[in-house]
1. Identify which of 67, 225, 193 has the largest mean-square fluctuation in a Gaussian network model of the chain, with springs joining Cα atoms closer than 10 Å.
2. Given 0.36 nm per residue, what is the gain on full extension from residue 193 to residue 139 after removing their alpha carbon distance, in nm?
3. What are the equivalent ellipsoid semi-axes of the range 169-261, built from the alpha-carbon gyration tensor (square roots of five times its eigenvalues), in whole angstrom, biggest first?
4. Scale the Cα Rg of the chain by the rule-of-thumb value 2.2 N^0.38 Å and send over the ratio, two decimals.
5. Do any cysteines of the chain lack a neighbour Cys whose Cβ is under 4.7 Å away, and which are they?
6. What is the ratio of the Cα radius of gyration of the range 1-74 to 2.2 N^0.38 Å, with N the residue count, to two decimals?
7. Give me 219, 157 sorted ascending by neighbouring Cβ count inside 10 Å, so fewest comes first.
8. So what is the 222 nm mean residue ellipticity for the chain from helices alone, if each DSSP H run of at least 4 adds -39500 (n - 2.57) and you divide by all residues, rounding to the nearest 500 deg cm²/dmol?
Amino acid sequence: SEGSPRNFPFRCLQISSFANTTWTRTDGLAWLWELQTHAWRNGSDSIHFLKPWSRGNFSPQQWEDLQHILGVYRSSFTRDIQEFAIMLSKVYPFELQLSAGCEAYPGNASESFLHVAFQGTHVVSFQGTYWEPAPDAPLWLNRAIEELNKDQGTREMVQSLLSDTCPQLASGLLEAGKSELEQQVKPKAWLSQGPSPGSDRLQLECHVSGFYPKPVWVMWMRGEQDQPETQRGDVLPNADDTWYLRVTLDVAAGEAAGLSCRVKHSSLGGQDIVLHWDGSRSS
Ligand code: J81
């Protein structure tokens, strides 16, 4: 809202697949709030900058240093995990996911996090200066964590990446990408008829697409009355950093006339989009 500074979390995700003792791949991606800023594909030795402002305020030298750290990390990580798999008798295939990042708050404060998931379940976090098991993590993990914590060099590097590098990068990105992050893009909306849910019944579809940011309100209405049986799909990404949503209503064929779809979005400044179902199209 106006006047109050808002926060945009910066998140780095790592997806590592270990298919068997020899086949593995690791991909990385970074997001500033809803916008993907970086990609780091398996096999590529450089980070891909997805936005013109993805370099933030880091110098070419700083990017080179970071890239070098990450390159060493990627191969060490793969080797470490393969060794853990042997030590802990883990059965292939398995997936590891890392989520790390930070969020800057007004007045130079920032909060960082690093979480690791094994087969989709949170198992390890980095807290302060140590690796720690997640609550309810399986006991076999303790041996891995004990090993990880012996490596003081890595702990110091992770700590400095989380508490210095991340907030620095995030605030530079925020400054450089502010206008794109805060832009407002208006949705387009259209109606269609879905597959018939039964005899003498209609599925009315209201499609809303091309909006940014993500929060949106869409309802089927009869006059001023919300239709509570409105079914809302997931908000899905378009390829251009805008969003798409489909909202449906099942009605008796005779009751479709008089229904409308109403869309509220921050870009519309209170001027809701209202589309009326054309009774003549229902058959
Ligand atoms: C199946 C078991 C699942 C268990 C879950 C494990 C979670 C793994 C989390 N661990 C890591 O992500 C670190 C992996 C790599 C690390 O262990 C080190 O091998 C690696 C190299 O370290 C060596 O060189 C360093 C200098 O390059 C230091 O000298 C260090 O002391 C030395 O041991 N460490 C790094 O690459 C550090 C960078 C970490 C960046 C982490 C970002 C997520």
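What follows draws every value from the coordinates through simple rules; no lab data is involved. Keep in mind it's a predicted model, so treat the numbers as computed, not measured. Because the Cβ atoms are built from the backbone with ideal geometry, glycine has one as well, and the counts that use them run over all protein chains shown.
1. Maximum among the listed residues: 225.
2. Values: separation 54, 0.36 × 54 = 19.44 nm, distance 5.34 nm.
In short, 14.1 nm is gained.
3. Working: eigenvalues 245, 31, 18 Å².
Semi-axes (√(5λ), whole Å): 35, 12, 10.
4. Here the Cα radius of gyration is 1.29 times the empirical estimate.
5. Lacking a cysteine Cβ partner under 4.7 Å: 12.
6. On the way: Rg = 15.1 Å, N = 74, 2.2 N^0.38 = 11.3 Å.
Against the compact-globule rule of thumb, the ratio is 1.34.
7. Working: 219 19, 157 15.
Listing 219, 157 from fewest to most nearby Cβ atoms yields 157, 219.
8. Details: 4 runs with 63 residues, N = 283.
Counting only the DSSP helices, I get -7500 deg cm²/dmol.
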